[in-house]
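The values are calculated or read from the model by the stated rules, or taken from the named source; none is laboratory data. Everything numeric here is computed off the predicted structure, so don't read it as measured data. Cβ placement follows ideal geometry from the backbone for every residue including glycine, while neighbour counts extend to all protein chains displayed.
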Amino acid sequence: MKYIISVSKTYKHRGRFITHKPKTKKHWQIMYYDIDEDTEDLVLQSKFVNTLQAFYYKFKKYYKRKFVCTECGYVFEMLVKKRQHNIDVDCPNCEE
């Protein structure tokens, strides 16, 4: 599953000391976390997408937020959807 964290316009050939001409074309790019099948860790990846996909992915963005368990006081991070008002998360420490 892809967890989209950023949708932005960037230059294709960008670098630290490159100055682009004013008419250089920009392209849509997404940054996302993908789950590695071997280790089941989150891996940060990027990909160029077209304009329609960029607007679709803008509404599917996730945030990385810190939560504190009220029972045990454990602090943990989770990926939460952007436009979500009622967030019910379970503590990974108390579940065990």
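Values for this structure:
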quantity: Count - residues of region 61-96 that are closer than 28 Å to S46 by Cα and among the polar types (S, T, N, Q); calculated: 1
quantity: Residue count, region 20-44 (criterion: under 22 Å from S8 (Cα atoms) and either in a loop (DSSP other than H, G, I, E, B) or among the polar types (S, T, N, Q) (or both)); calculated: 8
quantity: Complete set of residues in region 16-73 that are among the basic types (K, R) and within 26 Å of D90 (Cβ to Cβ); calculated: K60, K61, K64, R65, K66
quantity: Filtered residue count, region 41-62, keeping only those that are hydroxyl-bearing (S, T, Y) and touching a residue at least 24 places away in the same chain (Cβ under 8 Å); calculated: 2
quantity: Scope region 45-67; condition part of a loop (DSSP other than H, G, I, E, B) and among the polar types (S, T, N, Q); matching residues; calculated: N50
quantity: Count - residues of region 21-69 that are outside the structural domain of V7 (by TED's automatic domain parsing), under 17 Å from the mean Cα position of the chain (by Cα) and among the aliphatic types (A, V, I, L, M); calculated: 0
quantity: Check on Y62, in contact with a His (Cβ under 7 Å, 6 or more places away or on another chain) and surrounded by 12 or more Cβ atoms within 10 Å (Cβ to Cβ); calculated: no
